[in-house]
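Student: Attaching a single structure in structure tokens format; questions to follow.
The values are calculated or read from the model by the stated rules, or taken from the named source; none is laboratory data. All values derive from a computational prediction rather than experimental measurement. Neighbour counts run over all protein chains shown; Cβ positions are idealised from the backbone, glycine included. When the accessible area is computed, the model is the full protein with side chains, heavy atoms only, and any ligands, DNA or RNA have been set aside. Shrake-Rupley method; radii C 1.70, N 1.55, O 1.52, S 1.80 Å.
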Amino acid sequence: MLNRRTVLAHGAALLSAPWLAPAAYAQSFPSKTVRIIVPFPPGGPADTAVRIAQPAMEKALGQSVVVENVPGAAGGIGAQRVKQSEPDGYLLLQAASPHTTNAAVKPDANVNLLRDFEPIGQTGNSIYTLCAAKPSGLANFADMVARAKAKPGELKIGTVGPGSAHHLVAEMLKSAAGVELTAVHYRGEAPAIPDLVAGRIDLMFLTTAKPLIDDGQVIGIGHTGDGPWFNLPNVKPLTELGLKGFVVPGWNGLMAPKGTPPATIAKLSGALAAALKTDAAVKSFNNMGFKPGSGTPGPMKAQIESDMRLFTTVIKERNLKFD
């Protein structure tokens, strides 16, 4: 017969067995604060989107959720920090389309979303709205094309860095419309917007155009959606303005380091999805011109793959070179 000490020993061994550890871990997650790295400056679309979801995520997870901005290298510095962290669900990345362009620009880069991370779910979905500065005197898309063709390179278009999504969409515009524009690079949308409003740059594709258009600070002259956008009824898709097939969605979403347990991903995704369905979140996203994401991994993975195909093609066709 087994004595009490033997039974206890066997019980302890079973509880520490590797095939039981993930289940036990998943049940206890989260047991401390969850941190989210936003690898872009404060006030931009990725930062705003995750902060909208943050309060309801805290309630769903039963733990604090802290958001930290770590900008630089078109999102690369913050992403690298999360990539190198323990894959336990406690340090997450708020990724966005600039990360897919980074991988398209430099296939051997240190950060690749599909290789290095697990998708949790999209926080927000948007379009890129081509906005004109009021001081530029540009009234509509046809006006912009005419001015750009008459004076090649005179009009300045803002981007969030060489090889960024904003930059590559601007390159697509130049090619599709047959115009020359001079790119001016910034570290994010937020620091570029004051220059656009003041007329120090003439154009920029923005994912946060809605409030600026409503306030009369900029003029929306076209967008990259595949049809009318829900709260920009007076801004036409570029596909209706002569640019066939010019469809580029904007997005951002949460990711965890590769190797994070599936049960942990599921718990985080469930909390995010629930947060995005709250009335407060829907209203906040709509006010900034976004639609809430699904908060689930599948659509996010598909979007990343689609972006990679699109931006790799743009770089090849435009013969773009980056240091």
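Student: Given the C-alpha centroids of region 244-323 and region 212-236, what is the distance between them in whole angstrom?
Tutor: 21 Å
Student: Pairs of Cα atoms under 8 Å, at least six residues apart: use those to get the relative contact order of region 59-185, whole percent.
Tutor: Dividing the mean separation by the residue count of region 59-185 yields 20 percent.
Student: Sticking with this structure for a sec: In a shell of Cβ-Cβ distance under 14 Å around L203, excluding L203 itself, what net charge do Lys and Arg (+1) and Asp and Glu (-1) give?
Tutor: So the surrounding residues net to -1.
Student: Shifting gears a bit: At a Förster distance of 30 Å, what's the computed FRET efficiency of N319 paired with D214, Cβ-Cβ distance as r, to 0.05?
Tutor: It comes out at approximately 0.20.
Student: Let me ask something else about it. Show me 91-101, 265-275 ranked by packing, highest mean number of other Cβ atoms within 10 Å first.
Tutor: For the peptides 91-101, 265-275, the packing ranking is 91-101, 265-275.
Student: Any chance you could give the angle, 0 to 90 degrees and rounded to 10, that helix 141-150 forms with the longest Cα principal axis of the chain?
Tutor: The answer is roughly 60 degrees.
Student: With a 1.4 Å probe and all protein chains kept in place, how do T123, T33 rank by accessible area, largest first? Don't skip to the end; give the middle numbers.
Tutor: On the way: T123 0, T33 55 Å².
Sorted by accessible area, descending: T33, T123.
Student: Roughly to the nearest percent, how much of the accessible area of the chain is carbon and sulfur, given a 1.4 Å probe?
Tutor: 56 percent
Student: Counting only other residues whose beta carbon sits under 10 Å from that of M172, what net charge do I get with K and R as +1, D and E as -1?
Tutor: My count for the surroundings of M172 gives 0.
Student: What whole-number value in Å² describes the accessible area per residue of the chain for a 1.4 Å probe?
Tutor: For the chain, the per-residue accessible area is 44 Å².
Student: Follow-up. From the square roots a ≥ b ≥ c of the eigenvalues of the alpha-carbon gyration tensor of region 260-323, which class results: rounded (a/c under 1.5), prolate (a/b over b/c), or oblate?
Tutor: In terms of gyration-tensor shape, oblate.
Student: Largest first, how would W251, W229 line up by accessible area (1.4 Å probe)? Mind dumping the intermediate values first?
Tutor: Details: W251 10, W229 30 Å².
These residues rank, largest area first, as W229, W251.
Student: Between I77 and S175, what is the label-point separation in nm under the 7 Å Cα-to-beta-carbon projection?
Tutor: 3.1 nm
Student: What's the extension gain from N287 to A266 if we count 0.36 nm per residue and subtract their Cα-Cα distance?
Tutor: Taking 0.36 nm per residue and subtracting the Cα distance, the gain is 4.7 nm.
Student: In a shell of Cβ-Cβ distance under 15 Å around I127, excluding I127 itself, what net charge do Lys and Arg (+1) and Asp and Glu (-1) give?
Tutor: Value of the local net charge: -1.
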